[in-house]
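Input: a single structure, listed below in structure tokens.
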Amino acid sequence: MAARRISSLLTRSLSVSSSSVSTSLFSSLGKNSGRNGIGKRFSTAAALEDLIVPPVQIAYTQNLIDGKLVDAASGRTFPTYDPRTGDVIANVAEGDAEDIDRAVAAARKAFDEGPWPKMTPYERSRIMLRFADLVEKHSEELAALETWNNGKPHEQSAKSELPMFIRLFHYYAGWADKIHGLTVPADGPHHVQTLHEPIGVAGQIIPWNFPLIMFAWKVGPALACGNTIVLKTAEQTPLTALYVAKLFHEAGLPPGVLNVVSGYGPTAGAALASHMDVDKVAFTGSTDTGKIVLELAAKSNLKPVTLELGGKSPFIICEDADVDKAVELAHFALFFNQGQCCCAGSRTFVHERVYDEFIEKAKARALRRVVGDPFRKGVEQGPQIDTEQFEKVLRYIRAGIESNATLECGGDRLGTKGYFVQPTVFSNVMDDMLIAKDEIFGPVQSILKFKDIDEVIRRANNTRYGLAAGVFTKSVETASTLTRALRAGTVWVNCFDVFDAAIPFGGYKMSGIGREKGIYSLHNYLQVKAVVTPLKNPAWL
């Protein structure tokens, strides 16, 4: 199945059918209202109360340890919810420190005594390819499960994320038999070579916003390098990781190589990060939690850590921009995945010459955004993940209003149940406002005005984050200047959220340590050993 860029989902939705249901919203807020008053009508795919029954059954709710599905050691379970309604989907085994101990013991035994590290790289590759084939066979169930547990549009899950997941495992399967060391020249009569060895037991903690994709980003390179894994799912979205891990064993993965524990961060996550028999930790999530993971790893056995953390990415629209195209791309950069994206273009910088036109068109585009049941065709935006994130987004919206940013549209919940938030646009945003500084992780677009390139470089870099940035311009010179000046791990020029398997991803500053994807991700899961042997009477050096 051919992989598709996430950005391909954008090309739809410039207009909405007149048959779409619209909902009247709240009244104007005076000085905080937009130029023509707050937009009061949003497109919805159908009444939010008329929800489609997900076309999938819940198959796996236990932890997967040493190749077996098992209950939590404590016997406890926790609920996982449907964000469309807040109703319980299933009760899942609640792993804690004892379950992490069991999973780490299984992974350690599989690494020290099992066949996986001793298997030829080609055979490891074949197992990974068989797994990718099984995922493709079960892609309909997995896409439905991902949408049900996460709330993202089903079209996104099915047409973008599942193909990308499969592509990632094809990519890493291809790397398995191409990892090798070097022969190094020495200054004296010695033969010197380097060996690239698997690091051992990898602890991995994945987030809730892209459960399947983050599974692939973490598990793919670790297995290609010959490691074993203990993976902790996000407590909000445990279901698809358990499903695909079971498929991995059907593909021939030996027991203990991949163990999946569901549970909470302060219990299961902390136990994994601080475990003395884990050789490496990889974490994706918030910057604040990343600091805790790094501290736990350092205080235990000083295990190496890779972190992919938060962002407040600038999206810079220059004065030469085609405004219509810029509006659409900036809209996607922010609102994609309900705004729950670490690299979201959440600071939209617009040149003063096109600012007013951009604001009107950005507002109009937000009002056309189709919000509703993510299982319905044509829906662009589903609910936020849970009540905590939902309330957080609404708090930031109130903070934007209170700081005298201009609320152009949105600003409230949509519907009466679930965690749906109106697509929200603020103009006249200043750099010192919370909505311009903090990672909101929701459908809230903050639009700022700038005068020249030097100014926007300084302001764009004036953040603790450095995960990504976007540039929209017709000028090669301007693009070149900005891409080199912006302190970010990825800069997209006239595009956004292009996540091909070989493109590295990671942040500067407090957006993380290390890189995911591509050849760079393999470095996270390898040790380099130098082997030096004397040479007697060498013919050459």
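The values are calculated or read from the model by the stated rules, or taken from the named source; none is laboratory data. Treat the numbers as computed from the prediction; the structure is a model and nothing was measured. Counting neighbours? That spans all protein chains shown, and the Cβs are built from the backbone with ideal geometry, glycine included. SASA here: full protein model, heavy atoms, side chains in, ligands and nucleic acids out. Shrake-Rupley method; radii C 1.70, N 1.55, O 1.52, S 1.80 Å.
Quick notes
- Conditions (1) open to solvent by 40 Å² or more (accessible area, probe 1.4 Å); (2) over 25 Å from the mean Cα position of the chain (by Cα); number of the one not met by residue 124: (1)
- Considering each residue of the stretch 278-293 in turn, at least one proves to be in contact with a Pro (Cβ under 7 Å, 6 or more places away or on another chain), surrounded by 23 or more Cβ atoms within 10 Å (Cβ to Cβ) and farther than 17 Å from residue 117 by Cα.
Listed here are the residues, each with its yes/no results for (1) at positive phi; (2) touching an Asp or Glu at 6+ places or on another chain (Cβ under 9 Å); (3) buried (at least 24 other Cβ atoms within 10 Å of the Cβ).
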| residue | (1), (2), (3) |
| --- | --- |
| 114 | no, no, no |
| 117 | no, yes, no |
| 129 | no, no, no |
| 137 | no, no, no |
| 146 | no, yes, yes |
| 163 | no, yes, no |
| 167 | no, yes, no |
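- Residue in the stretch 447-454 that is closer than 30 Å to residue 201 by Cβ and either modelled with pLDDT of 95 or more or touching a helix residue (DSSP H, G or I) at 6+ places or on another chain (Cβ under 9 Å) (or both) present: no
- In the set 309, 329, only one residue is within 18 Å of the chain's Cα centre (by Cα) and of a type in the set (A, V, I, L, M, F, W, C); that residue is 309.
- For the stretch 270-300, the tally of residues that are under 23 Å from the mean Cα position of the chain (by Cα) and not in a helix (DSSP H, G or I) stands at 7.
- Qualifying residues in the stretch 312-365 (those that are of a type in the set (Val, Ile, Thr) and touching a helix residue (DSSP H, G or I) at 6+ places or on another chain (Cβ under 7 Å)) - the one surrounded by the fewest Cβ atoms within 10 Å (Cβ to Cβ): 323
- Residue-level check: of (1) over 18 Å from residue 95 (Cα atoms); (2) open to solvent by 10 Å² or more (accessible area, probe 1.4 Å); (3) in contact (Cβ under 8 Å) with a residue 40 or more places away in the chain, residue 264 misses just (1).
- Residue pairs whose Cβ atoms lie under 9 Å apart, sitting 6 or more positions apart in sequence or on different chains, and linking a residue in the stretch 398-418 that is closer than 19 Å to residue 362 by Cα to a partner that is assigned to a loop (DSSP other than H, G, I, E, B) and among the aromatic types (Phe, Trp, Tyr), are 411/26; 412/26.
- Test: residue 103 is in contact (Cβ under 8 Å) with a residue 60 or more places away in the chain and not in a helix (DSSP H, G or I): no
- Residues (within 13 Å of residue 261 (Cα to Cα) and without any contact (Cβ under 8 Å) to a residue 60 or more places away in the chain) located in the stretch 51-73: 70, 71, 73
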